[in-house]
Amino acid sequence: MEDCARKRRARAVLSIAVAAFALLSVGIWTARRDAGLDGNLLYVARVSQLMTYFAIAFMFRSHLPSIKRLLAVSYGAALVHMAAQAALGAFGGAPGPAFASNVVSGIANAVGILLIMHVISSYDARRSSLAVMAAYLLAEVLFAATSVMSAEAIVVVQYAFKLCGFALLGLAIAFKGEGAATENEHPLQYGMLTVRQRDEKPLRLLVNEADWVFQIIVAALIPFVFGFTSQLLSQAGRSDGLHDPVNEAAAIVALIALFAFCLARGTRMGFDDLFLIVVSLYATGLMLLPTLWEAGSPFAGTFIKCGDVVYFPLLWMLLVRKAFADPRHTYLYFGVFSGFANVTYGRLVGPLALGPTPSDTGTVAFWALVFLWLLVLICVTLFALQRARGVALPDGAEGDVSAEGEFDREPFAEGVDVLAEWYRLSPREREVLVEVLHGYSMPNVGKKLFISPETVRTHMRNIYRKTGVSNKQALVRMIDALVDEVRPSLK
């Protein structure tokens with residue numbers, strides 16, 4: 001009965017987190033449709049949001065922060081923003097308060113999104129992957145509905161969705177903290193301390209493997225292509241073909257197809273799936289864009305729009321899976337990749353690069369050709385790197401095991417060592433853990449290590465407390481996940 005109750009609570013928390021992400025995301029996205037919002041203030045909020053992503057990645061690069069404190073920061077910033085907006089509406093706009101209001105809005109948005117994804121990443125790969133897909137699908141449906149709303153309704157929806165999103169986030173975290181975690185679930189807190197930089201350089205995690213280097217490149221290029229193209233087309237004084245109802249509907253269909261694909265593929269989804277699906281959609285869209293846009297076709301931006309809405313859930317799917325296997329670096333992964341995805345977004349840099357010049361077919365064709373060339377370039381580079389390293393980039397690929405003594409040890413023993421290092425297990429705790437995982441009873445472990453059975457139990461209680469799990473099976477799954485991520489060639 002207790003196990004069934006834990007499973008029901010876990011499903012409820014995941015469902016609440018999905019709804020929280022969808023509502024908060026739509027509240028953020030609808031700002032672009034707020035006719036009363038100054039465009040420069042919108043850029044201020046976006047810059048504040050991306051700077052918050054990078055700041056969080058740096059501050060929590062090798063440990064998990066206090067979830068309650070982060071939630072308090074997000075709530076505080078959101079309340080300050082909404083109070084400032086109410087004051088500005090009542091007493092008239094003022095440059096200083098309006099600027100500050102959008103700065104704190106960006107902070108609240110960034111922290112809220114990262115917290116929701118942290119909740120989702122505490123579940124196993126299959127459940128977290130499907131939750132991300134469901135969250136983006138629900139968000140896209142709600143966002144498409146706002147395309148037919150009046151300007152007055154947009155303002156109401158924007159703040160109502162944000163309030164509901166933050167409220168559901170708090171509810172998910174509160175429920176998550178009740179009771180013990182299920183077998184395939186991590187608690188939010190691990191009691192991890194900050195690791196000194198001379199002991200660990202976590203940024204190497206993002207650059208020492210080819211697949212993560214290319215994920216950074218894709219995280220920079222894809223949002224830039226979409227945002228820049230949207231800015232380029234909208235300067236012609238007509239619909240850019242990327243945000244109209246026709247393409248919003250196409251995006252929903254694409255997400256439904258992606259959800260079904262992920263349901264079939266399960267945890268086998270990897271970097272290749274992201275790269276091949278997104279690049280194929282973008283390349284097709286860029287090839288057709290000049291002709292269809294000039295002809296006034298409502299499908300001019302369909303493939304580019306679909307590529308964009310497919311890209312982000314695929315990226316987050318990889319990130320939450322990585323965080324589940326390596327929880328200590330959760331905010332490093334989330335912050336860096338979210339920052340890159342926002343810093344290159346074309347609607348931030350597009351106006352600077354394009355200026356006020358209206359677009360014509362020649363300009364659109366030129367930039368479509370440039371972006372196609374960039375996609376081809378990174379595909380060729382990726383292929384060359386695969387050949388040079390002799391390693392396939394997707395998850396689970398076989399690695400180069402030629403390094404001296406690097407992979408001489410048993411995979412499971414390697415995982416135990418990593419677990420002991422990351423969670424600060426004492427040498428004696430590690431010895432006890434190894435014997436217990438080998439199947440020895442508490443009395444037999446005590447006899448083998450010349451300690452009492454009660455001392456063995458004390459060591460195991462300390463291990464469970466430090467790792468945040470509640471049983472031996474969960475420890476085994478955690479070690480297996482560490483083996484997959486830290487030593488993928490050993491699998």
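Read-outs throughout are calculated quantities, based only on the coordinates presented, and are distinct from any laboratory measurement. Computed from a prediction, not measured in an experiment: that's the story for all the values here. When we count neighbours, we look across all protein chains shown, and the Cβ atoms used for this are built from the backbone with ideal geometry, even at glycine.
Taking K and R as +1 and D and E as -1, what net charge do the other residues with C-beta under 14 Å from the C-beta of ARG461 add up to?
Taking every other residue near ARG461 into account, the sum is +3.
If amide hydrogens are placed 1.01 Å from N in the peptide plane, which non-local residues have theirs closer than 5 Å to the one on TYR123?
When sequence neighbours closer than 5 places are left aside, the close amide H contacts are HIS186.
Calculate the spin-label point distance for PHE99 paired with SER150, positioning each point 7 Å from the Cα along the beta-carbon direction, and give it in nanometres.
Taking the two extended label points, one gets 3.5 nm.
When the Cα centres of the range 417-447 and the range 106-151 are compared, how far apart do they sit, in Å?
39
Cross-link list LYS68/LYS322; LYS447/LYS472; LYS176/LYS305; LYS162/LYS466: which exceed 29 angstrom alpha carbon to alpha carbon? Walk me through the intermediate numbers first.
On the way: LYS68/LYS322 23 Å; LYS447/LYS472 20 Å; LYS176/LYS305 35 Å; LYS162/LYS466 35 Å.
From the list (LYS68/LYS322; LYS447/LYS472; LYS176/LYS305; LYS162/LYS466), the Cα-Cα distance tops 29 Å for LYS176/LYS305; LYS162/LYS466.
How long is the gain from PHE383 to GLN189 if the chain were fully straight, where each residue apart is worth 0.36 nm and the alpha carbon distance is subtracted?
Values: separation 194, 0.36 × 194 = 69.84 nm, distance 3.95 nm.
Gain in length upon complete extension: 65.9 nm.
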